[in-house]
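Remarks on the structure that follows.
The values are calculated or read from the model by the stated rules, or taken from the named source; none is laboratory data. Note that the coordinates shown come from a computational prediction; the quantities given were computed from them, not determined experimentally. Cβ sites come from the backbone with ideal geometry, for glycine too, and all protein chains shown count toward neighbours.
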Amino acid sequence: MSFFDSFRKRSNDAQVLAIEPKISQYAKKERPKQSFEFSNLVVKLRDAIRSDSILRQWVSNTVEGCMRHGFNVMSNDEGINKKLQERMREIEVASKTTMYRFVRTMLYNFIAYGNAYAVLIRNAGNSSGRSYTWIDDKTLEPISGVYPIDPLMVKIDRKNNGSVKTYQLDASVFEASLYINAKSPDVVNYPTNWTRTQGVVNVDKNDMVHIIYDENSTPFGRPPLSEVLEDVLALRTLEEVIQDMIRQNMYVITVYKVGTPDRPGKQQDIDAVKKNLTWNPSDGMLVMPGDHDIGIVSANIKDILSFIEYFKTKIYSAIGGSSVGFGEAGAANRATSGDARVPHFDKVRDMQLLFASFFQTYFLDHIVCDMGYHPATLVEGRPVLLFNEPDIETLTKKTNNSVFLYEHNVATFKETRTALGFTGKSIDEDLHLVRVTKQQAEFTAKAQADNSKETDNRTAPKNQHS
């Protein structure tokens, strides 16, 4: 069975587990025809990232920063966490992937395009979960598999109130994207006035995970790189100017003067020179009799280089990066390199938290429901996606500070574990205190006691005879 075939069959005979509360409904007449919206900005960014080294490097650095020290999908409740890990493994096997690959692919789309999509495949016969009623009163089967979707395939139909009605996966969007240029609008409409089923699949909103960066009036997220596209274009244009100057030996500019101060050239003379220069090679020499003068003016490439540095600095500031992060030689020394990357790490932490929030709401909460729980009733036991601190120096400082607060009776043991990112119940028998320190103390005390018995012979010396 192919990927698209999995949408055509749904089983409705599974037992339903009703859950509360319900979401409020916005009653208003729907539009008679579907009008799907598509993000042209995604296409522009795809082409820009493929062709520009700064944008490509920033996306790679940010993805690697988010995934640098790994992540955990877990619950504080041992019972829920055990079931959760079993369900995660079921989904990995059914989807022929791993959770690491799935999260990393979604993160890349989220960071590069401001939108990350994944389709949830539901099949009660291929899952240990059970059917449930979602908060919009729809009966849903348990999740069996999950597949990331290329943002370039997604179109969205909205209700009159602006909420999402249906997602559509359209393979033909790739063909339409060939005609998109820098002047195209960021979002366009695709009215469905014709019937076309080849390569098109409509997906219910409950079967789609849509992670959005910078929500706005459109159904799509606003990519973090969208504001720097014009600056990158200006930067590359200036670099092309310098390349042309080097290729054409244009370190100097030739100025052709017609006439002299005593005998100024007439307009017909100037036009004649222009005509001759137009039809001669730019690097050739024109020899003419009369009162003419050829002068040389130096072209200062340093002026253009200063503009290039200006636009590079502007781009770095807009994306929260620095010349150090992009590996430029001589950009900073050892003492200042850490401070220069602080804005980038701040951006990484924000993206980690935002991505985790959407992931928990639109994916993990569905897993909670098909395990027989309700996300509204889980406070401490709700499954979460936890990314580790991207900066190792900051992580070390936070760890030392948390231990310091515990040692000085400011924080409790539970609060310290939470601050360190540990979840689940602590097993005291596995602590270093019990497994190593306590045994060492007992061994030392026993050795000292045995030694004391052998040397305490003042009352009855063993080396003297009575």
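Among helices (runs of 4 or more DSSP H) entirely within segment 49-156, having at least 2 residues that are more than 18 Å from the chain's Cα centre (by Cα) and more than 22 Å from A376 (Cα to Cα) singles out 78-95. Scan segment 82-99 for residues that are more than 11 Å from M371 (Cα to Cα) and crowded, with 16+ Cβ neighbours inside 10 Å and the total you get is 8.
When G145 is tested against (1) crowded, with 21+ Cβ neighbours inside 10 Å; (2) more than 18 Å from I367 (Cβ to Cβ), just one condition goes unmet, and that condition is (2). For G259, are the conditions met, namely being in the same structural domain as S39 (by TED's automatic domain parsing) and at pLDDT 65 or above? It is false that G259 is in the same structural domain as S39 (by TED's automatic domain parsing) and at pLDDT 65 or above.
Applying the criterion of being within 23 Å of T139 (Cα to Cα) and polar (S, T, N, Q) to the residues of segment 192-223, the residue that is modelled with the highest pLDDT is N206. Note on segment 50-60: residues that are surrounded by 15 or more Cβ atoms within 10 Å (Cβ to Cβ) and out of contact with any helix residue (DSSP H, G or I) (no Cβ under 7 Å at 6 or more places or on another chain) total 1.
Would you check if there is a residue in segment 66-73 being in contact with a Gly (Cβ under 8 Å, 6 or more places away or on another chain), buried (at least 19 other Cβ atoms within 10 Å of the Cβ) and not charged (D, E, K, R)? No, segment 66-73 contains no residue that is in contact with a Gly (Cβ under 8 Å, 6 or more places away or on another chain), buried (at least 19 other Cβ atoms within 10 Å of the Cβ) and not charged (D, E, K, R).
Would you be able to tell me the number of residues in segment 390-439 that are part of a loop (DSSP other than H, G, I, E, B) and not basic (K, R)? Matching residues across segment 390-439 total 15.
Looking at G295, G284, G290, just one residue is modelled with pLDDT under 65, on the phi > 0 side of the Ramachandran plot and either in a loop (DSSP other than H, G, I, E, B) or not assigned by TED's automatic domain parsing to the domain that holds Y147 (or both), and that residue is G290.
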